[in-house]
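Worksheet: the structure to be examined is printed underneath.
The values are calculated or read from the model by the stated rules, or taken from the named source; none is laboratory data. The structure presented is a predicted model; accordingly, all values stated were derived computationally and were not measured. Every residue, glycine among them, receives a Cβ derived from its backbone with ideal geometry; neighbour counts consider all protein chains shown. Remember, those area values only see protein heavy atoms, side chains included, never the ligands or the DNA or RNA. Shrake-Rupley method; radii C 1.70, N 1.55, O 1.52, S 1.80 Å.
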Amino acid sequence: MSHHSEPIIKIENAHKRFHTLRGTVHALNGVSLNVKSGEVVVIVGPSGSGKSTLLRCINRLETLDGGSITVDGIPLKGARNINKVRAEVGMVFQQFNLFPDRTALGNIVLAQRVVRRRKKAEAIAKAHDLLAKVGIPEKADSYPAQLSGGQQQRVAIARALAMDPKIMLFDEPTSALDPEMIKEVLDVMLALAKEGMTMVVVSHEMGFARAAADRAVFMDEGVIIEEDTPDVLFSNPSHDRTKLFLSKIL
């Protein structure tokens, strides 16, 4: 834990609405949340509770309708700031979003060259280091179609880490994986957490949350219902909505 008083992610009274054929969905309804540098926060909640929308707003993949988000002291208002913030924030999605025509190595090299403007040799060396870090050094020359889902997701994590982000966002990173592959991805995430990476993770993996998270946050219908340490939230939640949700997944 670092001791900066100012949180690295500061979300204040965030509102986000989506207009659908059925009417307006208030995906975020006045969400406020601070994340300290080096903290691991896991967000749980039913489908449609606003968890993924919140993550996407931190990375400015979605824009707020009200309220504010500040990342590492940079307000997510001006367009100028977006790329600055995105360079600080790595994001890993449910779907791996790898380029199918590039090898694992090539996927990790590409963004470094384009966004970080690294020299080719440096980008390649870093990509090899990161493939080793996520446990698949031997897969450098494999294409995504030749990799298992768990391996593809680990390449996606390595690709995000290649940008040297200060913050990693994970949006249900194991939900598209077969059960036997989930652990290999969670192990990489657990190692990152132990190294002190600031992480915001949307996931139903309670074992990971208990092992890695400093805080668990329960969201429902666009609102944060309660937050506490994982042990307290999962074992002894104070709200009926949290109890009901946990009774279905635990």
* When residues of region 54-89 are limited to those that are under 13 Å from the mean Cα position of the chain (by Cα) and open to solvent by less than 20 Å² (accessible area, probe 1.4 Å), the one nearest to Glu172 (Cα to Cα) -> Leu55
* Structure fact -> Note on region 133-143: residues open to solvent by less than 10 Å² (accessible area, probe 1.4 Å) and within 30 Å of Ile249 (Cβ to Cβ) are Val134, Ile136
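I need a count of the residues in region 16-52 that are polar (S, T, N, Q), free of Cβ contacts under 8 Å to residues at least 60 places away in the same chain and out of contact with any Pro (no Cβ under 7 Å at 6 or more places or on another chain). Before you say what the answer is, go through the steps one by one.
Going through region 16-52, the residues polar (S, T, N, Q) turn out to be 20, 24, 29, 32, 34, 37, 47, 49, 52.
Still in the running and free of Cβ contacts under 8 Å to residues at least 60 places away in the same chain: 20, 24, 34, 47.
Narrowing further to those that are out of contact with any Pro (no Cβ under 7 Å at 6 or more places or on another chain): 20, 24, 47.
Residues that pass the stated criteria total 3.
Among strands (runs of 3 or more DSSP E) lying entirely in region 1-106, which contain 1 or more residues that are more than 28 Å from Leu233 (Cα to Cα)?
Details: elements: 9-20, 23-35, 40-44, 66-71, 89-92.
Correct list: 9-20, 23-35, 66-71.
In region 112-132, which residues are surrounded by 17 or more Cβ atoms within 10 Å (Cβ to Cβ) and either touching a residue at least 40 places away in the same chain (Cβ under 8 Å) or not basic (Lys, Arg) (or both)? Lay out the reasoning, then the answer.
Taking region 112-132 as the starting set, the residues that turn out to be surrounded by 17 or more Cβ atoms within 10 Å (Cβ to Cβ) are 112, 118, 123-124, 126-127, 130-131.
If the condition is that a residue be surrounded by 17 or more Cβ atoms within 10 Å (Cβ to Cβ) and either touching a residue at least 40 places away in the same chain (Cβ under 8 Å) or not basic (Lys, Arg) (or both), then Gln112, Ala123, Ile124, Ala127, Leu130, Leu131 are the ones that fit.
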* For region 90-111, what are the residues that are surrounded by 14 or more Cβ atoms within 10 Å (Cβ to Cβ), over 26 Å from Gly222 (Cα atoms) and of a type in the set (S, T, N, Q)? -> Thr103, Asn107
* Structure fact -> Counting only residues that are in a loop (DSSP other than H, G, I, E, B) and either in contact with a helix residue (DSSP H, G or I) (Cβ under 7 Å, 6 or more places away or on another chain) or modelled with pLDDT of 95 or more (or both), region 109-139 contains a total of 5
* Asked: Out of all the residues in region 235-250, which are in contact (Cβ under 8 Å) with a residue 24 or more places away in the chain and open to solvent by 70 Å² or more (accessible area, probe 1.4 Å)?
  -> Leu250
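Filter region 153-190 down to residues that are in a helix (DSSP H, G or I) and of a type outside the set (A, V, I, L, M, F, W, C) and give me whichever is least open to solvent (accessible area, probe 1.4 Å). Spell out how you get there, then give the answer.
Our first condition is that a residue be in a helix (DSSP H, G or I); within region 153-190, this holds for 153-161, 179-190.
Remaining after also requiring of a type outside the set (A, V, I, L, M, F, W, C): 153-154, 159, 179-180, 183-184, 187.
Details: Gln153: 0, Arg154: 26, Arg159: 49, Pro179: 104, Glu180: 131, Lys183: 129, Glu184: 53, Asp187: 68 Å².
The selected residue is Gln153.
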* Structure fact -> Restricting region 205-234 to residues that are in a strand (DSSP E or B) and touching a Leu at 6+ places or on another chain (Cβ under 8 Å), the one most open to solvent (accessible area, probe 1.4 Å) turns out to be Glu227
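Going residue by residue through region 152-172, is there one that turns out to be farther than 24 Å from Ala125 by Cα, of a type in the set (A, V, I, L, M, F, W, C) and without any contact (Cβ under 8 Å) to a residue 60 or more places away in the chain? Spell out how you get there, then give the answer.
The first filter runs over region 152-172 and keeps only residues farther than 24 Å from Ala125 by Cα, leaving 169-172.
Subsequent filtering for residues that are of a type in the set (A, V, I, L, M, F, W, C) retains 169-170.
Subset that is without any contact (Cβ under 8 Å) to a residue 60 or more places away in the chain: none.
Checked against the condition, which is being farther than 24 Å from Ala125 by Cα, of a type in the set (A, V, I, L, M, F, W, C) and without any contact (Cβ under 8 Å) to a residue 60 or more places away in the chain, region 152-172 yields no hits at all.
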* **Considering residues of region 231-249 that are farther than 12 Å from Val44 by Cα and of a type in the set (Ser, Thr, Tyr) only, the residue modelled with the lowest pLDDT** => Ser247
* To do: Please verify whether region 142-152 includes one or more residues that are among the hydrophobic types (A, V, I, L, M, F, W, C) and at pLDDT 95 or above.
  => yes
* Asked: Residues of region 33-53 being under 15 Å from Glu6 (Cβ atoms) and surrounded by fewer than 21 Cβ atoms within 10 Å (Cβ to Cβ), which ones?
  -> Asn34, Lys36, Ser37, Gly38
* With Gly73, Gly106, Gly23, Gly30 as the choices, which residue is at pLDDT 95 or above and on the phi > 0 side of the Ramachandran plot? -> Gly30
* To do: Please work out which one of (1) out of contact with any helix residue (DSSP H, G or I) (no Cβ under 9 Å at 6 or more places or on another chain); (2) under 20 Å from Lys36 (Cα atoms) is the condition Pro179 fails and give its number.
  => (2)
